[in-house]
1. Which of the residues spanning segment 115-128 are in contact (Cβ under 8 Å) with a residue 12 or more places away in the chain and touching a helix residue (DSSP H, G or I) at 6+ places or on another chain (Cβ under 6 Å)?
2. Name the residues in segment 61-79 that are part of a helix (DSSP H, G or I) and touching a helix residue (DSSP H, G or I) at 6+ places or on another chain (Cβ under 8 Å), would you?
3. Looking only at segment 166-213, count every residue that is part of a loop (DSSP other than H, G, I, E, B), touching a Ser or Thr at 6+ places or on another chain (Cβ under 6 Å) and buried (at least 20 other Cβ atoms within 10 Å of the Cβ) and tell me the total.
4. Let me spell it out: the conditions are (1) open to solvent by 20 Å² or more (accessible area, probe 1.4 Å); (2) at pLDDT 95 or above; (3) within 29 Å of residue 202 (Cα to Cα); (4) assigned to a loop (DSSP other than H, G, I, E, B), and residue 163 meets all of them except one. Which number is the exception?
5. Tally the residues that are farther than 24 Å from residue 138 by Cβ, open to solvent by 80 Å² or more (accessible area, probe 1.4 Å) and of a type outside the set (Gly, Ala, Ser), restricting the search to segment 32-66.
6. Residue 118: of a type outside the set (D, E, K, R), modelled with pLDDT of 95 or more, in contact with a Ser or Thr (Cβ under 9 Å, 6 or more places away or on another chain) and not in a helix (DSSP H, G or I), yes or no?
7. Of everything in segment 33-60, what is β-branched (Val, Ile, Thr), farther than 22 Å from residue 146 by Cβ and either in a loop (DSSP other than H, G, I, E, B) or at pLDDT below 90 (or both)? Give them in sequence order.
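The values are calculated or read from the model by the stated rules, or taken from the named source; none is laboratory data. Given the structure is predicted, the values throughout are model-derived calculations rather than measurements. Methodologically, a virtual Cβ is constructed for each residue, glycine included, from the backbone with ideal geometry; neighbour enumeration extends over all protein chains shown. Heavy atoms of the whole protein, side chains included, go into the accessibility calculation; ligands, DNA and RNA do not. Shrake-Rupley method; radii C 1.70, N 1.55, O 1.52, S 1.80 Å.
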Amino acid sequence: MLPALAHVDCWIFDLDNCLYPAATDLFGLIDARMGEYIARLLSVDPVEARRVQKAHFLTHGTTLAGLMAEHGIDPHDFLDFVHDIDLARLAADPALVAALDRLPGRKLVFTNGDEAYARRVLDRIGLANAFDGMHDIHAMNYVPKPNPASYAALCDVHGIDPARALFAEDMARNLKPAKALGMATVWVDNGSERGGHDADPAFIDHVTHDIGAWLTEILGDEYR
């Protein structure tokens, strides 16, 4: 193990565009479904629906949070609709599967999506049994990353000592609260939309374009 990370006994990973490449553009499918949902909800055209969608994302952290705050929608209805997509474009990364299998300590998924969708994705990318737990948007009481309250709840629910944890995420701004708690941080800079927004070396310890390759590297030669 890389000496700087030898203390880590809890490995926390974002899901979308982190455990699979952003180039897969799975979010493009979700994005389109969000637009459809908003157009139907507000009886607006696609252009206005997209404006509303992105405004909520930037202001509230997720489109869902904005729609709940400003339009009182049912989160289950929204999540079921936007996650009803074909996952055929996803594939397993053998290096990531092998590295996670050998990684010492607990492994958790921390996602602004919901567990049902996350389980489908993990199954598709060969990681159905790779994680010891999950903290999704329902567990956050719909207060998404990067709100610090969601990180505190993650630690409380799963008994995590932040000083012995690492968080990997493709949205750089979502690493700031993790670093403030004392976690080691990894920015998976693989091309996510606005992934580098508000990126600051002060709260980013490591940067990689490929999380599977990075994990393989930190585990050392015996795991290659």
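1. 126
2. 63, 64, 65, 66, 67, 68, 69, 70, 71, 75, 78, 79
3. 1
4. (4)
5. The number of residues fulfilling the criteria is 5.
6. no
7. 44
To keep it simple, each residue is scored yes or no on (1) among the hydrophobic types (A, V, I, L, M, F, W, C); (2) open to solvent by 10 Å² or more (accessible area, probe 1.4 Å); (3) free of Cβ contacts under 8 Å to residues at least 12 places away in the same chain.
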| site | (1), (2), (3) |
| --- | --- |
| 113 | no, no, no |
| 130 | yes, yes, no |
| 148 | no, yes, no |
| 152 | yes, yes, no |
